[in-house]
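The values are calculated or read from the model by the stated rules, or taken from the named source; none is laboratory data. Predicted model, so just to flag it, every value in this text is computed and none were measured. Backbone-built Cβ (ideal geometry, glycine too); neighbour counts: all protein chains shown. Heavy atoms of the whole protein, side chains included, go into the accessibility calculation; ligands, DNA and RNA do not. Shrake-Rupley method; radii C 1.70, N 1.55, O 1.52, S 1.80 Å.
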Amino acid sequence: MGAGEGALAAGLAGGLSVQGVSFAYGAREALRDVGFSVAPGRFCALLGPNGAGKSTLFALLTGLATPARGRIVAAGADLGRAPRAALARMGVVFQQPAIDLDLSVRRNMRYFAALHGLSGREADRRIDAALERLGMRERAHEKARALNGGHRRRMEIARALVHDPSLLLLDEPTAGLDARARAALVAHVHDLAEDGVCVLWATHLTDEVRASDDVVILHRGRVAAAGRADEICAGRPLAETFAALAPAEEAA
Amino acid sequence: MSAGSAPKSAPESAPESVPESAPGLRGPGAPGAGGARPAPRLGARAHLAALRAIVAREALRFLTQRARFFAALVRPLVWLLVFAAGFRAALGLSITPPYQTYVTYEVYIVPGLAAMIQLFNGMQSSLSLVHDRETGSMRLLLTSPLPRWWLLSCKLAAGCAVSLLQVYVFLAAAALWGVRAPLEGYALALPALMLTGLMLGAMGLALSSTITQLENFAGVMNFVIFPTFFLSTALYPLWKMQESSPLLGRICELNPFTHAVELVRFALYGQMNWAAAGWTALALAAFWALAMVGYDPARGLMRRRAR
């Protein structure tokens, strides 16, 4: 196996490998030679100030756009060659909530399950299991509108787990949540990683990252640092390291 | 299946070659054999499950949004009850096929209004894709592992189903008002309305994927709905238009919406207009192809709007 295969191993094993990815909106470069990988069972925080390219990267990781250069191997499949195989094993929580507020939690979940080809009792069984995992089982019959922000997010995460993905992508899932809901969500998703799910968690808030997590710091479309949080920081607080590596820009 | 059997992920079923202790970043080069579990096969049942869910969701959303339902019904009824009443005196219609006798203006514009409902419906659903709450749900849709052409087809079918619902409620209301077609016409119009509904939905889908400037409804009204509607045979027969301006008459002739209207008009009176059906089908194919290009991740809209 060549060096290239080695770098893609995490992705092939059900995690995520990004290699030499570049992307531009017309003349404006959004990502340049981005590369990192996340092994199964790891929680990786994608840290970057607004405008660093996090959302662009998410669009590429979820197949909504195709990189001009580079390779992405996610959840065991090459996104360029077999995007649908990758999507089948990938759970995504987008920054913008995608919930039908007038439908119950269960109905919302059923809709999503059907998009993954799951229906009937099999779908219900998986929905129950996923809700249970996020401590939301007893809310299955409530209307989504009745849930608070934190619970809506948890529902979306449960939904992203219905098809039992090996890779979970979350794009700023804590945006707009209060401190308590945020902490609860962070804890829940860390638990998922401990269960073996590979998690990529985009954020610009360093307090959501634990010392043992992996971190990829994105700045102006490039990887400024990647590694275990405590190793990158070398004793300094992560917030300080982050501010030094990726200073926030004026109204990016 | 208790909580304990909750779907656990990768490790237990991943191939043994995966180093359990792989440090997160830059994991050592495990021989990349096979990787995680293979993706489940998505057969015909999975495709149908998605179709059912997408159509049911769209219908349910439509029924729960009373305001939208009401607006969809009131708009054509205002045209029928107010506009047509005012214009029946101004516009003299001669006998044009498929009508075999003189018809009142109300009777003449009913097929055009039915098509207008579908036009609005197609534009509205596409507009909601471009610029509001629906963005998230479109992403949800497009990250499904089912083929994209199938997902967009389902979306189209769902929009068409909703438009059929609207059209038949409108036709019933018109019948109550006394504007009736032959009874069998209502059944025969169904396949025609399906085709036109799909065509106009595809037109909206194509627009939503290619034109990012049309971000508000006013823009769509001015630049899409009004020209499409007024430069067609919805409100006046083709010969009338040709009489007043050959150029406008020519545009009317080329407008796919004209053919949609005529297809519905003929079907409603138990006749088949092959030319109209052909042009409508052709327009459907063209808009469909455009939408597919637009939603292709390597090109089109997502490239520009991915953020």
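Within 10 Å of each Cβ in A:81-87, how many Cβ atoms from other chains are there, averaged over the peptide?
Numbers: counts 0, 1, 4, 7, 6, 3, 6.
Mean shielding count: 4.
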### Query
Quick one: putting +1 on the C-beta of Lys and Arg, -1 on the C-beta of Asp and Glu, what dipole do you get for the stretch A:99-164 around its Cα centre, in Debye to the nearest 20?
120
### Summary
Reported to the nearest 10 Å², B:Met194 has, with a 1.4 Å probe, an accessible area equal to 90
### Task
Sticking to Cα atoms, compute the Rg of the stretch A:99-164 to one decimal and its Dmax as the biggest Cα-Cα distance, whole number, in Å.
10.3, 29
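Might you report the magnitude of the Cβ-based charge dipole of the stretch B:44-305 about its Cα centre, with Lys and Arg at +1 and Asp and Glu at -1, to the nearest 20 debye? Working shown, then result.
On the way: 20 positive and 10 negative charges, 164 e Å.
Charge dipole, the stretch B:44-305, about its Cα centre: 780 debye, nearest 20.
Expressed in nm to one decimal, what extension gain is obtained for the pair B:Leu176 and B:Arg52 from 0.36 nm per residue of sequence separation less their Cα-Cα distance?
Working: separation 124, 0.36 × 124 = 44.64 nm, distance 3.25 nm.
Computed gain between B:Leu176 and B:Arg52 is 41.4 nm.
Suppose every K and R has +1 on its Cβ and every D and E has -1 on its Cβ; what is the size of the dipole of chain A about the Cα centre, in Debye to the nearest 20?
Details: 31 positive and 29 negative charges, 136 e Å.
So the magnitude is around 660 debye.
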### Summary
FRET efficiency (A:Ala248, B:Tyr102; Cβ distance; R0 51 Å; to 0.05) is 0.10
#### Entry: Computed accessible area, A:Leu177, all protein chains, 1.4 angstrom probe, square angstrom
30
### Task
Calculate one ³J(HN,Hα) per residue across the stretch B:192-197 by plugging θ = phi - 60° into the Karplus curve 6.51 cos²θ - 1.76 cosθ + 1.60, and present them in order as whole Hz with x for glycine and proline.
5, 5, 5, 5, 5, x
## Note on the structure
Exposed GluC sites (Glu not before Pro) being those in a DSSP loop with at most 12 other Cβ atoms within 10 Å, the longest stretch of chain A free of them is A:1-248
#### Entry: Computed helical MRE - 222 nm, the protein assembly as shown, DSSP H runs ≥ 4 contributing -39500 (n - 2.57), nearest 500
-16000 deg cm²/dmol
### Task
Any chance you could give the angle, 0 to 90 degrees and rounded to 10, that helix A:120-133 forms with the longest Cα principal axis of chain A?
60
## Note on the structure
With x for Gly and Pro, the residue-by-residue ³J(HN,Hα) of the stretch A:156-170, computed from phi through the Karplus equation 6.51 cos²θ - 1.76 cosθ + 1.60 at θ = phi - 60° and given in whole Hz, is 5, 5, 4, 4, 5, 9, 4, 8, 6, x, 9, 10, 10, 10, 10
### Message
7 Å from Cα along Cα→Cβ at both A:Arg145 and A:Glu231: what's the point-to-point distance in nm?
### Response
5.0
### Query
Along its principal axes, what span do the Cα atoms of the protein assembly as shown show, with the longest given first and each in whole Å?
89, 52, 43
